[in-house]
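The values are calculated or read from the model by the stated rules, or taken from the named source; none is laboratory data. Everything numeric in this text was worked out from a predicted model, so none of it was measured. Here the Cβ is made from the backbone with ideal geometry for all residues, glycine too, and neighbour counts use every protein chain on show.
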Amino acid sequence: MIETDILVVGAGPCGLFTAFEAGLLKLRCHFVDSLPIPGGQCAEIYPKKPIYDIPGFPSVLAGELIDNLMKQIEPFNPGFTLGERAESLEKQEDGAYILTTSRGTKIKAPVIAIAAGLGCFEPRKPPISNIVDFEDKGVDYIIRDPEKYRGQKVVVAGGGDSALDWTIILADIADEVTLVHRRTSFRGALDSVEKVMDLAKAGKINVITEAQVVGLQGDGNLDSVTIKHKKDGESAKKADSFIPLFGLSPKLGPIAEWGLNITKNAIEVDTFDYSTNVPGIYAIGDINTYKGKLKLILCGFHEATLMVQSAFKHIYPDKKLSFKYTTVQGIEGLPAETPAAV
Amino acid sequence: MEEDLIKITVTDREGVVHELDAPTDMAMNVMEVCKAHELPVEGTCGGMALCASCHVYVNSDHELSEASDDEEDMLDQAFFVEDNSRLGCQIKIKAELEGLKITLAPVGD
């Protein structure tokens, strides 16, 4: 089990900066994030967009801001558990928490800082009314093992890189692959688009454009999908598997079950220290809400800074905390974390 | 009617029709107007045409600026896209849009 001082749920900008402010107080941080890379929305949604309201930076690309934050917190050697979703939280007798991730990783910390932004990114599910009935019975939003589709008739939907890439991979594995896309052009990488078109020309796959999958049929397991064509009505297509690949969207997810006061998908906090209604659990950045809340990165930095002061007192109720400017002594790093003996 | 205010009509996913005041002098877009009136529009990316959570159908024949490639790319990630599909964040509120009628598109889980 990993042990740390502050377990930060979410490795977006506000979460990352927490490791800096915590490090100044000699507190260790460990991050859990469902995305495989740090940076949250800045990395996932808009890495190439310039941000103009970070104090001291007339303009900085979101991706650059994350790179800079990673550099800034490097001396404090925070730990990262990436590509795993924070799932459940259990309070221990000593007052600390043990968090378990979607892959079963366990992390123990006296303080939990939720910096989860809009929640965790999950595959977008098409609003087909009976789609949940076919989940794991023919409908997959993520491909874990392409071998699963050997010998199957597969319908892939979407027009981006993942739809194109998986169509190419499945062309060699599945019995029949059909790619359904609403337009004639694809937004994926050019060579993937060419490859898909070549495969279609060679008759190895079917590409149906200007069409969308709008219905699913089957008795228990998926048997066929209904494809709605822009020009000429609807048609049915035999399918053992339907794989809709429409990107990711954020969901509050399991955090909603942690006993926190939540209003409109945001966690209520006390602006004194950004504490939640549960002692030892804080919420900072876009995920929290309070009177006058603005969802700005710069506000999240402020929240993180005040939060770690309170976290310190929560962890060491008897220790005095002396505040020092970084200009006085510079910063003193922390050693890399060593996993505690299980 | 006040000078800098237009009315737009929004039908939500339950079929309820809302008539909203939209200021033309605040550089707002349809997504923001819906959010300001607490209609269930996510606007996850904040209006950069980088998500598809403000997908709407335009029901009136107002002349709108053509969808950019970015907008078309993002509509690929939306569902039940029709010829009159747009991203609300890309429709800027201006006086010419008085009486604009839109319907919120269905969202997945």
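Yes/no per residue for (1) within 14 Å of chain B (Cβ to nearest Cβ); (2) small (G, A, S); (3) in a strand (DSSP E or B):
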position: A:I243; (1), (2), (3): no, no, yes
position: A:F246; (1), (2), (3): yes, no, no
position: A:S249; (1), (2), (3): yes, yes, yes
position: A:I255; (1), (2), (3): no, no, no
position: A:I267; (1), (2), (3): no, no, yes
position: A:D273; (1), (2), (3): no, no, no
position: A:P279; (1), (2), (3): no, no, no
position: A:Y282; (1), (2), (3): no, no, yes
Among the candidates B:A78, B:A105, B:A49, which residue alone is modelled with pLDDT of 90 or more, surrounded by 17 or more Cβ atoms within 10 Å (Cβ to Cβ) and either within 14 Å of chain A (Cβ to nearest Cβ) or under 22 Å from A:I128 (Cα atoms) (or both)?
B:A105
Restricting segment A:124-139 to residues that are away from chain B (no Cβ under 14 Å) and surrounded by fewer than 20 Cβ atoms within 10 Å (Cβ to Cβ), the one farthest from B:S53 (Cα to Cα) turns out to be A:K137
In segment A:193-223, anything outside any helix (DSSP H, G or I) and among the aliphatic types (A, V, I, L, M) is listed as A:A202, A:I205, A:V207, A:I208, A:A211, A:V213, A:V214, A:L216, A:L222
Residues (in contact (Cβ under 8 Å) with a residue 40 or more places away in the chain and within 12 Å of chain B (Cβ to nearest Cβ)) located in segment A:171-212:
A:V180, A:R182, A:Q212
Scope segment A:149-170; condition closer than 15 Å to A:A239 by Cα, surrounded by 16 or more Cβ atoms within 10 Å (Cβ to Cβ) and away from chain B (no Cβ under 14 Å); matching residues:
A:Y149, A:Q152, A:K153, A:V154, A:V155, A:T167, A:L170
Does B:L39 qualify as being away from every other protein chain (no Cβ under 12 Å), at negative phi and in contact with an Asp or Glu (Cβ under 8 Å, 6 or more places away or on another chain)?
yes
Which numbered condition trips up A:G292, out of (1) crowded, with 20+ Cβ neighbours inside 10 Å; (2) at positive phi?
(1)
Just to be sure, is A:K153 over 15 Å from A:S249 (Cα atoms) and in contact with a strand residue (DSSP E or B) (Cβ under 7 Å, 6 or more places away or on another chain)?
yes
Within segment B:12-28, identify whether any single residue is in contact with a helix residue (DSSP H, G or I) (Cβ under 6 Å, 6 or more places away or on another chain), polar (S, T, N, Q) and surrounded by fewer than 21 Cβ atoms within 10 Å (Cβ to Cβ), and answer yes or no.
yes
Could you pull out the residue among A:G23, A:G63, A:G40, A:G56 that is among the small types (G, A, S), within 14 Å of another protein chain (Cβ to nearest Cβ) and either touching a residue at least 60 places away in the same chain (Cβ under 8 Å) or farther than 23 Å from A:G119 by Cβ (or both)?
A:G40
Being more than 14 Å from chain B (Cβ to nearest Cβ), touching a residue at least 24 places away in the same chain (Cβ under 8 Å) and β-branched (V, I, T): is that true of A:I297 here?
no
Condition first: away from chain A (no Cβ under 12 Å) and assigned to a loop (DSSP other than H, G, I, E, B). Now tell me which residues in segment B:55-67 satisfy that.
B:N59, B:S60, B:D61, B:H62, B:E63, B:L64, B:S65, B:E66
Helices (runs of 4 or more DSSP H) wholly inside segment A:1-80 containing at least 2 residues that are over 22 Å from A:G247 (Cβ atoms)
A:13-24, A:62-73
Looking at A:N277, A:N288, A:N261, A:N206, which one is at pLDDT 95 or above, of a type outside the set (S, T, Y) and not assigned by TED's automatic domain parsing to the domain that holds A:G40?
A:N206
Restricted to segment A:224-241, and to residues that are without any contact (Cβ under 8 Å) to a residue 24 or more places away in the chain and part of a loop (DSSP other than H, G, I, E, B), which residue is surrounded by the fewest Cβ atoms within 10 Å (Cβ to Cβ)?
A:K231
